[in-house]
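So the structure is just underneath, and the comments pick up after that.
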Number of protein chains: 2
Amino acid sequence: MDASAYERIFYPRRLAVIGASDNILKFGGMFLHTIKSHGYEGEIFPVNPKGGTIQGLKAYATIEDVPGLVDLAVLTVPAEQTPAMAEACGRKGVAGIEALTAGFREVGPAGAALEQELLAICHKHGMRLIGPNGFGVYSPTVGLTLMPGVDFSRRPGPVGFISQSGGGACDAAYLGRSRGVYYSVMVSIGNGTDIESAELLRYFAADDRTKIVGMYLEGVRDGREFFDALRLCASVKPVVVLKGGLSDQGERGTVGHTGSLAGTRAGWDAAIASAGATPAADMPDLVDCLMAFQCLPGFTGGGAGVLAGGGLRCVESLDWASEFGFAVPPVSEATTEAVRKLLPPAGSRPGNPVDLANPVMSPKVIVPAMRALAEEPQINFLVLYQMLFYLLNEMRRMGGLKVEYHLEIAEAAREVRARLGKPLALVLPEVCSDPELWEVERGRAEARHHYVANGIPCFDSSRSAFSVLRRVADYYRP
Amino acid sequence: MDASAYERIFYPRRLAVIGASDNILKFGGMFLHTIKSHGYEGEIFPVNPKGGTIQGLKAYATIEDVPGLVDLAVLTVPAEQTPAMAEACGRKGVAGIEALTAGFREVGPAGAALEQELLAICHKHGMRLIGPNGFGVYSPTVGLTLMPGVDFSRRPGPVGFISQSGGGACDAAYLGRSRGVYYSVMVSIGNGTDIESAELLRYFAADDRTKIVGMYLEGVRDGREFFDALRLCASVKPVVVLKGGLSDQGERGTVGHTGSLAGTRAGWDAAIASAGATPAADMPDLVDCLMAFQCLPGFTGGGAGVLAGGGLRCVESLDWASEFGFAVPPVSEATTEAVRKLLPPAGSRPGNPVDLANPVMSPKVIVPAMRALAEEPQINFLVLYQMLFYLLNEMRRMGGLKVEYHLEIAEAAREVRARLGKPLALVLPEVCSDPELWEVERGRAEARHHYVANGIPCFDSSRSAFSVLRRVADYYRP
């Protein structure tokens, strides 16, 4: 397929909703409502035999009645009606159709036959099929979501996403929103009858908008084809893969012809890694990896300079850095002394890690200490622990939650990175999300947004920080 | 030490604060202020050579001037003044003193000598020492916290806690509050010069208030003594241990005389398990374990009946159940058919797991499906996934966040457990904690509180659910 066809399907300017309805409790009504609510920027053409006006838009009895080009047509009609509608779309010259409904091969032989019929119609017309039985496309550039997520972010970003689960795609979209991870386009492929994982990996490999790829994978159509595409894509940009269906108990797709890879998590992780891609453990871990790749292109790790308030956090940083193969190297006597002068005398300790004594030390101390550590040649990146809860809760008690520590720290981190090439990662643990203290969580979420927007990945725990950083460093290792 | 001395120290009715001050920026002022703010229920006697009134309370020039018994005295004075103060406490017949300040063996030989002097004074008077260099006692029964946490829960509970980190104890207290885990008494032992881990394990083993023990451990004074006490305590109640300082990079205490255990996480986990205790990976994981032990006494696991909305959640449950050695056994045709009748036709699947089609299916469907699964003899417990975010966010958009699904589900779970002895665990993942959607997080926190209060542990992820349940089942395995 030439690139312009992909462009028309993933960034459609003119969209038809076949089976559109005024009733938003009906499938076709709900999807049209979602598309409008989310603020799709292109033109929408409702199609319904009754014509007239649907949800305030002029409706057409058939797609062939729509004036001019249609890029993408969404079929919200029952499965058995899709071949006829696809046929009309083909005659119209639509670039792609998306069949949202279930009722195809996943329900048995009759559904499988219907699915093949649909595919044959698409082939005949040179038209592409997304799905069936998937949520289709979320495309922030044009403000389109066919997924049931009216609160997805409208901001486009560098991550292309492929999902064999519609719900999983929604989770990834929302998790991304909360973690500052933004998408170029997200495709929920459903049954993957036509457009599926391997093709999308090749598409994303060549797509300039997409710098990082994430995917949720259950089965693959052809193991060799999939791994070739995975290797190709991972050779030019990071690809993070969450594989579901690893257990003997679960149903799973076969990989290749032997099924030999359809085994344990460790086996799959190894296979993914050997293709040059990055394995993820679950959806939050996947999105954490995407965030880290988004913030830290080219990160190769090595020695961490750690700043943390309190002995436990320092011990923990050493433990998890070790566990994931990072050094927390000693620093020079001069640096140690310089940092000592910044710290309060009680409960602090200079060196590496720097014990800041207090879980929420002021940037007046943190910033010069960060700068001093970053000057050490054996330190390649910085990790800062901030237990924002303690600060925010204290502020809440004193009547005002306004905290701008993160502005100063992010600014200093940017300066250090620009000058020395040494990035910062944050550990911002959840300490207490009690209903009575819930406002405090908002402060943490705000700080996280600011940090990530400034290229500083934020993790919920030390374990996830070093685990994710390890995988990023492994990807970029020469 | 006889039990009444512990009682006086951990549940003091009459408390002296030595070095108390009106200035809450000073150490002695801050601690007195915290104790008052938290709502300590006993009598407080500020001690300061100036006498007069401090923070509205009558102050005494020396502790010996206080009329009547004093159970516990908190020394907030600088390290070098502690021996004289301890001497006066000994003469007064105080049961225990707690030295909050640093400046002892952790700062070098002079500090170590001071620490030994303090210990000798305590021994001479038959008085016990907590610390120095620790946060001491948090005791919800009497409303006391010496830790800087005025928002700790006031509710006592079944968990005794020992920490070699003051900050770690605070984290555990707050994490417990947000997860519905409550404490009998929490002791931050600091340098552990007198009262330390092994003694506290023996104390908690015999303590009727304490049904479960949690601990954060860095080093131990005597490896044999520690492991004997750990084995003893774990033989009568669950003990969950988080070991910090596992890396070659970190400073760590030695275990026994050989240091042979001072190795990897896996090595320590094995040693802890061989003592019959339960290893934890980090503080949130530790508190999750405490929550699960609190909710599920006697849980031995076996076969899980899983209910989840969406294919990904079903696949994930099978994967993580397998990974941690649980079965998700098939159910009878009759049960499958009964559940099928409850479900919406599109996107659902009966069996085990039950795919509820929708991440937030109504209790009208969930409750009878739970009951049907629980009747199957090969199912020993239930796991329900609720992606509350999707429901709560929809409610928020529609103008009202009131959701009471958890009330119905918790009630049904209680009935199933009472009738069939089969408990429920919840997976309540964070989907999106965006600043703009932050109210939604509150709904999740409220649901979690309600569930845990009804004996239903709630986990953030499938991985943590099955990982924690595995350890609980291992503890109770005959």
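The values are calculated or read from the model by the stated rules, or taken from the named source; none is laboratory data. Because the structure is predicted, anything quoted here is derived from the model rather than measured. Because the Cβ atoms are built from the backbone with ideal geometry, glycine has one as well, and the counts that use them run over all protein chains shown.
Quick look at the values:
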| read-out | value |
| --- | --- |
| Residues of the range B:303-347 satisfying the condition of being touching a Pro at 6+ places or on another chain (Cβ under 9 Å) and away from chain A (no Cβ under 11 Å) | B:G305, B:L307, B:V331, B:T335, B:T336, B:E337, B:A338, B:V339, B:R340, B:K341, B:L342, B:L343 |
| Search result, residues across the range B:175-194 that are farther than 21 Å from B:V239 by Cα and either in a helix (DSSP H, G or I) or among the acidic types (D, E) (or both) | B:D194 |
| Matching residues in the range A:272-319 - criterion: being of a type in the set (V, I, T) and closer than 18 Å to A:R463 by Cβ | A:T278, A:V287, A:V306, A:V315 |
| Subset of the range A:66-80 that is in contact (Cβ under 8 Å) with a residue 40 or more places away in the chain and more than 34 Å from the chain's Cα centre (by Cα) - its residue that is nearest to A:G190 (Cα to Cα) | A:V66 |
| Subset of the range B:166-181 (residues that are more than 20 Å from B:T101 (Cα to Cα) and touching a residue at least 60 places away in the same chain (Cβ under 8 Å)) | B:A172, B:L175, B:G176, B:S178, B:R179, B:G180, B:V181 |
| Any chance A:Y405 is among the hydroxyl-bearing types (S, T, Y), without any contact (Cβ under 8 Å) to a residue 60 or more places away in the chain and touching a helix residue (DSSP H, G or I) at 6+ places or on another chain (Cβ under 7 Å) | yes |
| Breaking point among (1) within 14 Å of chain B (Cβ to nearest Cβ); (2) under 18 Å from A:G19 (Cα atoms), for A:D71 | (1) |
| Leading residue by the ranking (nearest to A:D319 (Cα to Cα)) among those in the range A:436-459 that are within 7 Å of another protein chain (Cβ to nearest Cβ) and without any contact (Cβ under 8 Å) to a residue 60 or more places away in the chain | A:E441 |
| Some residue of the range A:361-384 being touching a residue at least 12 places away in the same chain (Cβ under 8 Å), within 11 Å of another protein chain (Cβ to nearest Cβ) and buried (at least 24 other Cβ atoms within 10 Å of the Cβ) | no |
| Every residue from the range A:115-174 that is among the acidic types (D, E) and modelled with pLDDT of 90 or more | A:E115, A:E117, A:D171 |
| Subset of the range A:150-167 [farther than 19 Å from A:F31 by Cβ and buried (at least 24 other Cβ atoms within 10 Å of the Cβ)] | A:V159, A:G160, A:F161, A:I162, A:Q164 |
| Complete set of residues in the range A:410-437 that are buried (at least 20 other Cβ atoms within 10 Å of the Cβ), modelled with pLDDT under 95 and in a helix (DSSP H, G or I) | A:L437 |
| Residue within the range B:345-358 that is part of a helix (DSSP H, G or I) and within 20 Å of B:L424 (Cα to Cα) present | no |
| Only one of A:Y405, A:Y390 that is within 12 Å of chain B (Cβ to nearest Cβ) and either out of contact with any strand residue (DSSP E or B) (no Cβ under 9 Å at 6 or more places or on another chain) or within 20 Å of A:F466 (Cα to Cα) (or both) | A:Y390 |
| Spans of helices (runs of 4 or more DSSP H) in the range B:206-313 with at least 1 residues at pLDDT below 90 and surrounded by fewer than 17 Cβ atoms within 10 Å (Cβ to Cβ) | B:265-274 |
| Options B:S467, B:S433, B:S462; residue that is within 28 Å of A:R463 (Cβ to Cβ), free of Cβ contacts under 8 Å to residues at least 24 places away in the same chain, within 12 Å of chain A (Cβ to nearest Cβ) and out of contact with any His (no Cβ under 8 Å at 6 or more places or on another chain) | B:S433 |
| Lone qualifier among A:A120, A:A198 - being free of Cβ contacts under 8 Å to residues at least 24 places away in the same chain and either within 14 Å of chain B (Cβ to nearest Cβ) or surrounded by fewer than 24 Cβ atoms within 10 Å (Cβ to Cβ) (or both) | A:A120 |
| Test result for B:I162, more than 8 Å from chain A (Cβ to nearest Cβ) and touching a residue at least 60 places away in the same chain (Cβ under 8 Å) | no |
| Index of the failed condition, A:S178 passing every other in (1) more than 28 Å from B:G305 (Cα to Cα); (2) modelled with pLDDT under 95; (3) within 13 Å of another protein chain (Cβ to nearest Cβ); (4) in contact with a strand residue (DSSP E or B) (Cβ under 8 Å, 6 or more places away or on another chain) | (4) |
| Condition broken by A:Q386, with the remaining ones in (1) at pLDDT 95 or above; (2) within 24 Å of A:G180 (Cα to Cα) satisfied | (1) |
| Check on B:D288, of a type outside the set (S, T, Y) and not assigned by TED's automatic domain parsing to the domain that holds B:R417 | yes |
| Test for A:V431: is it closer than 20 Å to A:R313 by Cα, β-branched (V, I, T) and in contact with a Ser or Thr (Cβ under 6 Å, 6 or more places away or on another chain) | no |
| Condition met for A:K50 (assigned by TED's automatic domain parsing to the domain that holds A:G111 and part of a helix (DSSP H, G or I)) | no |
